[in-house]
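For reference, the structure is listed below as structure tokens.
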């Protein structure tokens, strides 16, 4: 009887010696960020961070743990991964990763001082809702996310304007919240009185599965499927569950990259549905849409409250955006155009949303 407890202690001690200590990665302090990866068999490991063009070689310890420290800590919400003997690897001890069709990036979030709109702040917060539904337009299960502003649940009578907010080709309906921090951006702007409280719906922009690149006919089919799901499924579901205004003056659509192209085509083709349109580093508008706008600029201007288009100077879609802007300018179609610093990346698009949202519904009565 006396030997049994001693045996347990010896076994526990042996187990504790064999079991490696848990890692913390990224380990964020006031001035630096340290990354750890346990890979005892690896020959070469590097850290690839969105905040720098250059990879950082990691150092292997005697315990098989590779380490790299970044100093000073880069403020912002960043993507990163490890290159392990040439293979891209997520940080296995960091539960925060970028929602994508093919997840390949972990998330490092270093708050700014003072806080940026995409940082958590001690202000009233809205709610993010997740809805699964059987899509009539597509004939299969689908999912969308809805943000309701602070105070929505307390006021059972008030109706709100609605923004459809779309992601890019590599992402999904979760990305604007989990990586873009759109909910915190709206919370911050609303708390400061810079933006009107609004409901935001985010749906999966891949109705046909994978992005349709190159083939114009397939791209047109994907756009048609997106619009059918939006009008036949997503908006009716949102209208049935949430107190939202239904007229165009209280409806906006915006998106980034692929979602920006969806927003341009859908918004400008349906002025009876949307009076406010935002395109962030947008995929180019279809030739048919450009021809339609050119043929009747007055019709395009009639119900349009805002057409806001922005792209970074180093964005690979800059030229295509500038060509579209030239058409708008030549035909006298009202628009707001911004050529900014930055490339085709989320740090740019978070900033665009923070600039675009305060402009919405400002004169809608």
Computed over the chain: longest principal axis from alpha-carbon atoms vs helix 258-269 long axis, angle to nearest 10 degrees, is 20
Note on the range 115-260, DSSP bridge orientation, antiparallel percent to nearest 5 equals 60
For the chain, the Cα-Cα pair-distance distribution in 20 Å bins from 0, as whole percents, is 26, 51, 19, 4, 0
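Please arrange 324, 356 by counting, for each residue, the other beta carbons lying within 10 Å of its beta carbon, fewest first.
Arranged by neighbour count, lowest to highest, 324, 356 become 324, 356.
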For the range 48-175, the percent of all C-alpha pairs falling in each 10 Å bin, from 0 up to the bin holding the max distance, is 9, 28, 31, 20, 10, 2, 0
CD proxy, 222 nm, the chain: helix-only mean residue ellipticity via -39,500 (n - 2.57) per DSSP H run with n ≥ 4, per residue, nearest 500, stands at -8500 deg cm²/dmol
Cβ density ranking, 10 Å radius, fewest first, applied to 320, 351, 140 yields 140, 320, 351
In this structure, the FRET efficiency calculated for residue 85 and residue 123 from their beta-carbon separation, with R0 = 41 Å, to the nearest 0.05, is 0.35
As a percent rounded to 5, the proportion of antiparallel DSSP bridges among beta bridges in the chain is 60
With Cα coordinates, the longest principal axis of the chain makes an angle with the long axis of helix 318-331, in degrees rounded to 10, of 20
Rounded to the nearest 10, the angle in degrees between the Cα long axis of helix 346-356 and the longest principal axis of the Cα atoms of the chain comes to 40
Ranked from fewest to most other Cβ atoms within 10 Å of their own Cβ, 334, 109, 179 fall in the order 334, 109, 179
Taking alpha-carbon centroids only, the range 126-176 lies from the range 228-289 a number of Å equal to 13
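Every number here is computed from the coordinates shown, using simple stated rules; none is lab data. A quick note: this is a predicted structure, and the numbers were derived from the prediction, not measured. We place every Cβ from the backbone using ideal geometry, glycine too, and count neighbours over all the protein chains shown.
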